[in-house]
1. Please compute the net charge surrounding D547, taking Lys and Arg as +1 and Asp and Glu as -1 over other residues with Cβ under 14 Å from its Cβ.
2. Per DSSP H run of at least 4 residues, take -39500 (n - 2.57); add these up for the chain, divide by its residues and hand me the 222 nm value, nearest 500 deg cm²/dmol.
3. Can you tell me the equivalent ellipsoid semi-axes for segment 666-808? Use √(5λ) from the Cα gyration tensor, largest first, whole Å.
4. Which label belongs to the value computed from this structure, given these candidates for Rg and Dmax of the Cα atoms in Å: (i) 44.2, 179; (ii) 28.2, 95; (iii) 27.7, 84?
5. Do me a favour and compute the ellipsoid semi-axes for segment 519-561 from its Cα gyration tensor, root of five times each eigenvalue, largest one first, whole Å.
6. Just to be sure I understand: if I project the alpha-carbon convex hull of segment 314-420 onto a plane and average over all orientations, what area do I get in nm²?
7. Applying a 10 Å radius around every beta-carbon, put 496-504, 453-461 in order of their mean neighbour count, most first.
8. Which whole-number percent of Cα pairs in segment 47-482 have a distance greater than 27 Å?
Amino acid sequence: MALPHSFGTNMRWSAVQPLRTVFHLLALIFISINAFNVDTKNALVHSHSNGHFGYSIDFYNEQKGMPVLIVGAPEAHSTNPNLIGIRRPGAVFACSVNKKACREVFIDKKQGNEHRLNGSVLAPIEDKADQYFGATVRSNKKRDRIVMCAPKYKYFFSKFEVIEPVGTCFFAENGFQKTEEFASCRQEPARHGRHRFGYGQCGFSAAVPDKFKKDDERIFIGAPGVWYWQGAIFSQNVRNVTDRPNTEYGGKEYDHDMMGYATATGDLDGDGIDDIVAGVPRGNDLIGKIVLYTSHLKMMVNLTDTISPQQGEYCGSSLAVSDVNNDGRDDIIVGCPFFTDYATVKDAKTQERKPQYDVGKVIVFFQTAPGVFDKSMAVIGQDQWGRFGWSVAATGDLNKDGFNDFIVGAPYAGENKDGAVYVIHGSKEGVRDKPTQKIEASKVAPGTKTFGFSVAAGVDVDGNGLPDIAVGSWKSNRASVLLTKPIVQVNGQTDADSVTINVEDKNCDVDPKMGKQSCRTINTCLKYDGVGDTPNELEFVLHYDLDNQSPEPRAYFLHKDIKADRNIVISPGAKTKDHPNSIQRRVRLEKGRQKCFQQRFFASSTMRDKLSPIHWTVNYTFEESKTGRIRDKLEPAIDTTLPLSFQNKISIANNCGKDDVCVPDLKVTAVTDREKFLLGTQDNTMQINVTVENGGEDSYETKLYFDVPEGFEYSGIEGVGDKTTTTAPSCSPTSDKPDENGKWTFACELGNPLPANTVLSNIVKITANEKKPPVKPIEINAHVNSSNKETEGTTQDNYFSYTVPVDFKNQLNLNGRSNPEQLDFSTKNKTNEEVFYDNEIGPVVSHLYEVLNIFRN
């Protein structure tokens, strides 16, 4: 129902806390990237016992230059003496912006319900019970005029036979000494009934312009129940109660569109006069739309969601107007709180899109020329059921970047669905597509519910030059004022004392064990400036993260350097404590003055990856106190729209030419010491002479891969080399078991780098397995590669394949023996004719013969 507005901060700085010399690492509270400059630690939270206090809120200058927060409580039991005895008429409260103090403002000057003669009986012609006074409170941008409404106020029309919720509003300016009632739907002769103004609920929304013609000062009153809830806008002249034109009936196809659910004002056609934008959340086939009118209700244009239109998203239920891209023309901010996001979230397993219901969204329509709104952008909510866009308010320039910002309420978002408010920054391109800050109820006042149901902004309540905000939470009967912190804008850069590092140039002492290593120095320069009342000195923490793009850091900070400086500690995320790649360093800066800091680092001489540069990042934060204050002043906030870190890199020295890109040209060939492998000989070892050539530039992490076929075992490698080297490379199997064909693959380190124009020859020895020798032709496969890419089309000679046939030489051994070995035989024995039995010839002699084939064929 009610719509909202803006926020700010103020502080002066004198002394600065001394530089701490001890790091209490666990006690550091660092500013979150998701936070910016709306302070949540020192919120001023107003509360009331009941009555939906916080249902609507807005800032108003009760006295010149002295803002108060006006809070509506539409179900409150009023203490207004004029309303004694009336059940829950509702109330509005004026609350201090710097201390916990609220008082009810007595707006209604009439005694009770007005009575008139009904025949001879004096009877009430109105009913203020449950009228929901305070459901709408809305001031202008100058904060010197305000409207407060009771949309459920009831009136008895002709002959006292009909009582209908026409609604009513009260207008005040320059304080509350004089108020004027405007019940635009309460018109005589009777215009009652659902088909006219009877259920209009005038004051469901309202808007107060700043720019108007002389003698034509108006307010705009939304009445969504007019004409069978088609809705209407009344342009009420505040100097002439009967000058109240309204938008016309539109035909039955517009029934229940509810125009006037929300309203806002701004110069929408460039004529210097504020116009009116009306929200129609059920229009355009339930997608919602907004309609723009001049101050005298001449229709200008209809606008609707063209980005991702969706029935039921309720676009137009909240509105604000502000120039967010600083082009000199007002833009329109539209809430669509029931939007369901079907695109963002995926199921982790199925990768199917998961609908996120009622996340809500906000659309900004940009005025690209006077009266032309042909560009729009959307910001999508983050929490399912959060209803992002339920309320919106123009804040002014929160971070002083030259672009106006706005806030968005999502009363059911955040932790435990207690509500949240989001800060959206304007920009030259329009608006940022992600919130700069998310303010959750639990961070402001634990236990608060519906935080963000109403919002207000655009007023600097503490005088620090920055607008502040307020948030209503009707379910908890609370209204909170949140100050905007001054801003620290940090600029800087980081580089090294050289663009390269030569890991073979070991010029820096490490320790007695490691001797000397190659080192370089990181130079980081920072300067901060302030927006608002910022301190003259600030303490920052620099977070160095070295070689952060490498799985295994190749560079490190020296432990003794860290121990020598009490302002440096090892970061918790460092890979090792002995040679950390991540440290934190506490430094002090003076506002407006650049200061540079040097930090030495070392590169490992045993690194494998010498192609990739060593990257580093320097993040900066500053320590935030638990209270958010320093010497009773709000701490500044780091401007998170500027870079929060600085990155650079240093290349590892190489022989890659001017482009610093090495392109090798590798080639592998092989020849065996025999044309065929003969099984059955004494020599069962085969030698393969593998030659690798690099005809291009240096080749890094160069490896030779070769296969040991089934039936053979790897017996070693010998380097025959050339002038470059005679050392055999180191080889090892690539797996702990052979493949399905019984084949092993070995990898050999050839050089890191393998220099340009190098030829390496190595003899690989493989030995046939005696128990299970090869029986198939021997396939000799080898290939070579490196971590740097070769020119496309030159890699075919990186592979070599050769087949050696297998032959067999059979070695037969013949062995024999007889049993008995010797036998005496006499010729005197019987002749054959005389022999009848074998044993009559002589003893039996057995001969045993063994034929042995050494290799199976």
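1. Values: positive: R520, R554, K575, R608, K610, K649; negative: D545, E552, D609.
Summing Lys/Arg as +1 and Asp/Glu as -1 gives +3.
2. On the way: 4 runs with 18 residues, N = 857.
So the calculated ellipticity at 222 nm is -500 deg cm²/dmol.
3. In descending order the semi-axes read 28, 15, 14 Å.
4. (i)
5. Working: eigenvalues 199, 32, 18 Å².
Sorted largest first and rounded, they come to 32, 13, 9 Å.
6. Values: hull surface 31.4 nm².
Computing the convex hull of the Cα atoms and averaging its projections yields 7.9 nm².
7. Values: 496-504: 14.7, 453-461: 29.2.
In decreasing order of mean packing, 496-504, 453-461 become 453-461, 496-504.
8. Details: 46970 of 94830 pairs.
Distances greater than 27 Å cover 50 percent of the Cα pairs.
A short reminder: the numbers here are calculations on the coordinates, not readings from a lab. Please read all numbers here as calculations on a predicted model, not as lab measurements. Cβ atoms come from the backbone with ideal geometry, glycine included; neighbour counts cover every protein chain shown.
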